[in-house]
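Working notes, structure below.
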Protein chains: 2
Amino acid sequence: MLTISVLTIGDEICIGQIINTNAAWIANECTKIGCNVTIHSTIGDDISIILREVERLITTSDVVLITGGLGPTHDDLTKDALCEYFNDTLVHHQPTFDYLSSIYARRGQTVSERNATQALLPSKATILNNLRGTAPGMWFEQNGKIVVSMPGVPREMKGIMENHVLPALSELTAKTKGVQVFKTLLTTGITEANLADLIGEPNTFMNDATLAFLPSYQGVRLRIGVLRAEKQDALAELTRIESHIRSRANNFIFGENEQTLTSVVAGLLLEKKCTVSVAESCTGGMLGAALTELAGSSAYFEGGVQVYSYSAKEKILGVRHSTLLEFGAVSQETVEEMANKVREKFGTDYGISISGIAGPEGGLPDKPVGTVWIGLADRYSVHSQKFVFSNDRTINRERSVSTALEMLYRALLL
Amino acid sequence: MLTISVLTIGDEICIGQIINTNAAWIANECTKIGCNVTIHSTIGDDISIILREVERLITTSDVVLITGGLGPTHDDLTKDALCEYFNDTLVHHQPTFDYLSSIYARRGQTVSERNATQALLPSKATILNNLRGTAPGMWFEQNGKIVVSMPGVPREMKGIMENHVLPALSELTAKTKGVQVFKTLLTTGITEANLADLIGEPNTFMNDATLAFLPSYQGVRLRIGVLRAEKQDALAELTRIESHIRSRANNFIFGENEQTLTSVVAGLLLEKKCTVSVAESCTGGMLGAALTELAGSSAYFEGGVQVYSYSAKEKILGVRHSTLLEFGAVSQETVEEMANKVREKFGTDYGISISGIAGPEGGLPDKPVGTVWIGLADRYSVHSQKFVFSNDRTINRERSVSTALEMLYRALLL
């Protein structure tokens, strides 16, 4: 396998002004074509630091993919640093200059002196044209190692990766021994620790594969990775491990790879031609927001009510005054009425309701902060469940939404 | 200045399955308190690689802040690696065990054997309790260098940073020479380029300070940074630069630093004792979700309706059939009726409505994808505005919410 380091250059990333989405995108694409990404490194715009870091990464990996520092202003130093590293000089590159001229001609302009510097490029590099911007990429090779420099603007970097770098790396990695394949299984309704216990110790059912537990508020994702000399062997082992995991935990697995709970629920709603409406209290609209996240959601989402106050629950939705008075807003009785009422009002197949104490204030001895009731009504019946999540307002709201989606998911499976 | 390295441990980050938001958040917070973040590094879950990387980073910086690899499953290796690095052993930590017991007791459970391992902690580390999860942080010191290990779950990491690490680093950095101070001014309703033109070339009003433009869907943030030997000199220069910027662009500045449009609007609603309700179409509940994000929102948010379909707009909210028929759901007439009706229904001071074509489908020649009407009603009148955002569904929905909040903000200022 080809080993890859991802080097991001830029003060704005270093001091945390900008989240480094480039590194994740590059790593994901390289992993998909079977390369092994081992390091991401981010450093500031400083020639001596760039030189030191390229030297370090080139000794620990086959390929160093660099983004950033290729603009036309004084703080863009990557090109100079690479010239120094490869003992190279900048020369005029006519195809790049012609391309720059054509870009500015379209705007009725000529190439300014500052912008013309973009056509001064290292003589030893293969120039990778950039159809989405003015700074081309550069591909250096030395002693069997590869260093590629690309602009930091995500769209430009992606264009150069897709048009030049990924095809070339695919070819190279096909010649190396070893292919790594991955599959992610998405679970819901079980904690990381319980899932680990259910599946059993990895070394009892796999040898050299990797199994990663990735928890989030939407559930724990399980990533299986297998490295083999031949791709079909890797895939066969992956399937074997997946079968073992499914034999133990299939009831908690709702999807694979790029899917989400929302996309799986949306797929089931479409497939079964079912519609849904929501009555939200502590989530204030987050469940509706999740259900309308994907294009085409009007096929299954009719609408809902955000009944945040007591009075809204009563006047807008028609929850009985006596129910609220006797049992409170966060109760089985109230969420079940909410689910029934919203389903009737909107004429949908399902009605989902959420009422809880998100916190940090509002907890009671018998209903601490984090107590959330979720109700689900269909044409024939209504049921509800009580949860006690956490002390944190944001977590309580996010978990309410994913738990409500999970309840709908399970109802749709029946 | 204290120099800081941020080390992220986890295969899922290395292979690009997850974007590394932790590193940016940590770097941003450390920069704000005057530290100098010089390196971010991401590596996989491998003990020998972790050992090598901690050794490298500890020699190039004063503090190494580590996230990831602290869970209770076999692929979490950070604690073992740090024990080995510091030649330490794991011992039972009673306060952590007691805390774990209390968490599980709340759910009616006892601490499982697997989860009890979270209370096995290195004897030489200062334990940093984690109020948002089960894995505490660990603070090691050796030869004047500091290594801190925290969980990878962002909210847990942030809690430990805010409660323990940032206060301690603030104290340490106050003792070092050279202070960098930052201030961020938050703008809304103006593009990055227009804001830059309005303020003027940075070198006409500042010398060695930095001015960064940080655009987002919530508006452009302007970050001023000043480095001086003495803190009061840095602060004086910061104030001078801020005054210049405010003299040019004050009308677009709605807040500072950690504030958000939501928090500023919430503050104004509380101050003026005003209430609000929402009628959402393409945003499906996102505006209500934003308005209930902060604790205490029940003082100003009554509720709303998610009227996603035509029929819901008519039947639930009472928009006239003739209005929808004649002008369509995405029109001035419809959003103004929506804003009026929701305000009346909920009896609030303000009613806000959003109706738009989020895309990617549903565009019309005269109403392309990205067309959004936003209405705002008060007791006396209603007004509305049309926007054409972008081709992207997610961006259109996010910008609809922030623009609606901006309209409410401007109304509250009157």
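The values are calculated or read from the model by the stated rules, or taken from the named source; none is laboratory data. Every value quoted in this text rests on a predicted model; they were computed, and no experiment measured them. Cβ sites come from the backbone with ideal geometry, for glycine too, and all protein chains shown count toward neighbours.
Some notes on this structure:
- Test: residue in segment B:150-163 that is in contact with a helix residue (DSSP H, G or I) (Cβ under 8 Å, 6 or more places away or on another chain), among the polar types (S, T, N, Q) and on the phi < 0 side of the Ramachandran plot: no
- Candidates B:Gln118, B:Gln94 - the one that is surrounded by fewer than 16 Cβ atoms within 10 Å (Cβ to Cβ) and either over 25 Å from B:Ile47 (Cβ atoms) or assigned by TED's automatic domain parsing to the domain that holds B:Ile13 (or both): B:Gln94
- Qualifying residue in segment A:9-17 (condition: surrounded by fewer than 23 Cβ atoms within 10 Å (Cβ to Cβ), more than 12 Å from chain B (Cβ to nearest Cβ) and not small (Gly, Ala, Ser)): no
- Look at (1) of a type in the set (A, V, I, L, M, F, W, C); (2) within 14 Å of chain B (Cβ to nearest Cβ); (3) touching a helix residue (DSSP H, G or I) at 6+ places or on another chain (Cβ under 6 Å); (4) surrounded by 15 or more Cβ atoms within 10 Å (Cβ to Cβ) and you find that A:Leu198 fails only one, number (4).
- A:Met150 vs. criteria over 28 Å from the mean Cα position of the chain (by Cα) and touching a residue at least 40 places away in the same chain (Cβ under 8 Å): no
- Filter result for A:Glu361 (under 21 Å from A:Val264 (Cβ atoms) and either among the charged types (D, E, K, R) or within 14 Å of chain B (Cβ to nearest Cβ) (or both)): no
- Test: residue in segment A:387-410 that is surrounded by fewer than 20 Cβ atoms within 10 Å (Cβ to Cβ), aliphatic (A, V, I, L, M) and touching a Gly at 6+ places or on another chain (Cβ under 7 Å): yes
- Long-range neighbours under 6 Å by Cβ, at least six apart or interchain, first residue under 17 Å from B:Glu314 (Cα atoms) and in contact (Cβ under 8 Å) with a residue 40 or more places away in the chain within segment A:289-310, second part of a helix (DSSP H, G or I) and not β-branched (Val, Ile, Thr): A:Glu302/A:Phe346; A:Glu302/B:Ala312; A:Gly303/A:Phe346; A:Gly303/B:Ala312; A:Gly304/A:Gly288
- Considering (1) at the interface with chain B (Cβ under 10 Å from one of its Cβ atoms); (2) part of a strand (DSSP E or B), the lone condition that A:Ile354 does not fulfil carries the number (1).
- Failed criterion for A:Ile190 (all others in (1) in contact with a strand residue (DSSP E or B) (Cβ under 8 Å, 6 or more places away or on another chain); (2) crowded, with 16+ Cβ neighbours inside 10 Å; (3) under 29 Å from A:Val37 (Cα atoms) hold): (3)
- Of all residues in segment B:32-47 being free of Cβ contacts under 8 Å to residues at least 60 places away in the same chain and surrounded by fewer than 24 Cβ atoms within 10 Å (Cβ to Cβ), the one that is farthest from the other protein chains (Cβ to nearest Cβ): B:Ile47
- Only residues that are over 18 Å from A:Thr394 (Cα atoms) and in a loop (DSSP other than H, G, I, E, B) were counted across segment A:283-304, and they come to 6.
- Among helices (runs of 4 or more DSSP H) entirely within segment B:1-90, having at least 1 residues that are among the small types (Gly, Ala, Ser) singles out B:21-32, B:47-60, B:78-85.
- Remark: pairs (first residue in segment A:236-263, under 13 Å from A:Lys183 (Cα atoms); second residue in a helix (DSSP H, G or I); Cβ separation under 6 Å; 6+ apart in sequence or on different chains) = A:Ile245/A:Ile199; A:Gly255/A:Val264.
- Scope segment A:141-160; condition buried (at least 22 other Cβ atoms within 10 Å of the Cβ) and not in a helix (DSSP H, G or I); matching residues: A:Val147, A:Val148, A:Ser149, A:Met150, A:Pro151, A:Gly152
- For segment A:356-375, the condition holds for at least one residue, the condition being that it is farther than 20 Å from A:Gly219 by Cα, in contact (Cβ under 8 Å) with a residue 60 or more places away in the chain, crowded, with 22+ Cβ neighbours inside 10 Å and among the aliphatic types (A, V, I, L, M).
- Selection within segment A:225-282 - among the charged types (D, E, K, R), within 14 Å of another protein chain (Cβ to nearest Cβ) and not in a loop (DSSP other than H, G, I, E, B): A:Glu256, A:Glu280
- Single match in B:Glu55, B:Glu29 (criterion: surrounded by fewer than 20 Cβ atoms within 10 Å (Cβ to Cβ), charged (D, E, K, R), more than 21 Å from the chain's Cα centre (by Cα) and more than 7 Å from every other protein chain (Cβ to nearest Cβ)): B:Glu55
- Index of the failed condition, B:Tyr99 passing every other in (1) assigned to a helix (DSSP H, G or I); (2) modelled with pLDDT of 95 or more: (2)
Residues checked against (1) at pLDDT 95 or above; (2) among the polar types (S, T, N, Q):
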site: B:Met206; (1), (2): no, no
site: B:Val220; (1), (2): no, no
site: B:Leu268; (1), (2): yes, no
site: B:Ser277; (1), (2): yes, yes
site: B:Leu291; (1), (2): yes, no
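- Selection status of B:Val401, at negative phi, in contact (Cβ under 8 Å) with a residue 40 or more places away in the chain and touching a strand residue (DSSP E or B) at 6+ places or on another chain (Cβ under 6 Å): no
- Selection count where residues are among the charged types (D, E, K, R) and closer than 12 Å to B:Gly304 by Cα, scope segment A:274-314: 2
- Restricting segment B:283-342 to residues that are basic (Lys, Arg) and within 12 Å of chain A (Cβ to nearest Cβ), the residue that is surrounded by the fewest Cβ atoms within 10 Å (Cβ to Cβ): B:Lys315
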